[in-house]
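A.B. asks: Before I ask anything, here is the structure I am working with.
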Amino acid sequence: MAVLSFLSDVFFWLCLTYLILSLIEFVSHGVLMHQPTWLSRHFKYFQDTLDEHRSFHHAECFPGRKMDQGEGDCLKINIKLRPGLSIFGSCWIWGPLLYFSPLGACIFVLGFLAHNLAWNLVHVQMHTKLPKRARWFQRSRLCLFLARYHYMHHIYPRKNHNVVCPLIDWVMRTYQSPSEKDLEAMKALGFLPETRKIDA
C-alpha cells in the first residue's frame, strides 16, 4: 500500500507539474516573447528577449512558412531558456511547495529543468537541418508532432504558444489546426511521419 500511495503521489505531482509548465510556457512565449509588457519596458533582459523572438526569430529568420532554412546567426536560435534563471524565477512556486510537499517540490524542480532542456533541444531541431547522424530525434514522431504544432505558430503568431508542453492552448482556445495548404507545406518540409526528409 505504501508503494501504491507513493506512486500515486508521484503521478499526481507529475500531472500537476506538466499543467503548470504548460501554463508558464503559454504565458512566457505568448506574452513575454510576443507582446510589450511592463517587464520589457523596465528590464533590458525582457526587452532583448522580445526583440530577439518577435523581430529577429519570427520576422527575419523564419517568417511565415520558412521553418528549417536557418543559416548564419539564425542557426544560433537565440531564444533559449536558462535553467538557472528559470529555477530562480520559479522559487515562488517550489519554495512554499517545499514546506508542504518535498516530493512535489523536487518533481517540480526536476520537471522545470527537463522542460528547459527539452525546449532548447526541440526548438533547435525544428529550425535547423542537422547532419544525418544527429537527426535521430529530429526524425522521431514526437519531434515531428511538436514541429507541426510549432509550424502553425509561425503561420499564426497569436496561436499555438505551447512548444513542448501542449495543453493550455486548447484550454485558452489558441490552438490552430492545420489546413490542407498547411499540411502540404508540412509535407514538403518533412514534418509528416510518412514523408520524412532523411537525405535532404
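No lab work stands behind these numbers, since they all come straight from the coordinates. Note that the structure is predicted; figures quoted are calculated from it, not measured.
A.B. asks: Residue-wise, which Karplus ³J(HN,Hα) couplings in Hz belong to the stretch 28-45, taking 6.51 cos²θ - 1.76 cosθ + 1.60, θ = phi - 60°, and x for glycine or proline?
C.D. replies: 5, 7, x, 9, 5, 9, 10, 10, x, 9, 4, 5, 5, 7, 10, 10, 4, 4
A.B. asks: Can you give me the Cα centroid spacing of the stretch 101-126 and the stretch 83-98 in angstrom?
C.D. replies: Each part reduced to its Cα centre gives a spacing of 12 Å.
A.B. asks: For the stretch 91-96, take each phi angle, set θ = phi - 60°, evaluate the Karplus expression 6.51 cos²θ - 1.76 cosθ + 1.60, and give the result in whole Hz per residue in order, putting x for glycine and proline.
C.D. replies: Couplings: 4, 5, 8, 7, x, x Hz.
A.B. asks: Figure the gain on full extension for K181 and C91 (residue separation times 0.36 nm, minus the Cα-Cα span) and round it to one decimal in nm.
C.D. replies: Details: separation 90, 0.36 × 90 = 32.40 nm, distance 4.36 nm.
The K181-C91 span can extend by a further 28.0 nm.
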